[in-house]
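Just below is one structure, and these are the notes that go with it.
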Amino acid sequence: MEEQVQEVLNKLRPYLLRDGGDVELIDVDDDGIVLLRLMGACGNCPSSTITLKAGIERALRTEVPGVKEIEQVF
């Protein structure tokens, strides 16, 4: 599942880079919880929660079976 998550993140990465940010995959646990770190401009952006939940989490849950939730690591 980790490889599938990374593939989806690689598809989303250009949009984050365009805004001066990036995302790092920290871990995918056996329960389908994905730990991510937003970096650069995304790391301290007031909209980072929206980016995670409405953007990244939705894409991951749609494209990777077994992903249940995303948690941000600081």
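Quick look at the numbers
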item	result
Leu36, sole failed condition from (1) surrounded by 12 or more Cβ atoms within 10 Å (Cβ to Cβ); (2) closer than 16 Å to Glu3 by Cβ; (3) at pLDDT below 95	(3)
Inter-residue pairs, beta-carbon under 6 Å, first free of Cβ contacts under 8 Å to residues at least 40 places away in the same chain and in segment 58-74, second assigned to a loop (DSSP other than H, G, I, E, B) and surrounded by 14 or more Cβ atoms within 10 Å (Cβ to Cβ), 6+ apart	Arg61/Val67; Lys68/Gly32
Close pairs (7 angstrom Cβ cut-off, 6 or more residues apart or separate chains): over 18 Å from Glu69 (Cα atoms) in segment 1-25, assigned to a helix (DSSP H, G or I) anywhere	Asp22/Arg13; Asp22/Leu16
Output for segment 12-33, where each listed residue is of a type in the set (D, E, K, R), under 12 Å from the mean Cα position of the chain (by Cα) and over 11 Å from Glu2 (Cβ atoms)	Arg13, Asp22, Glu24
Candidate set from segment 39-65 (those that are surrounded by 14 or more Cβ atoms within 10 Å (Cβ to Cβ) and assigned to a loop (DSSP other than H, G, I, E, B)); member that is modelled with the highest pLDDT	Val64
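The values are calculated or read from the model by the stated rules, or taken from the named source; none is laboratory data. Remember, it's a predicted structure, so these values are computed and weren't measured experimentally. So basically every Cβ, Gly included, is an ideal-geometry build from the backbone, and we count neighbours across all protein chains shown.
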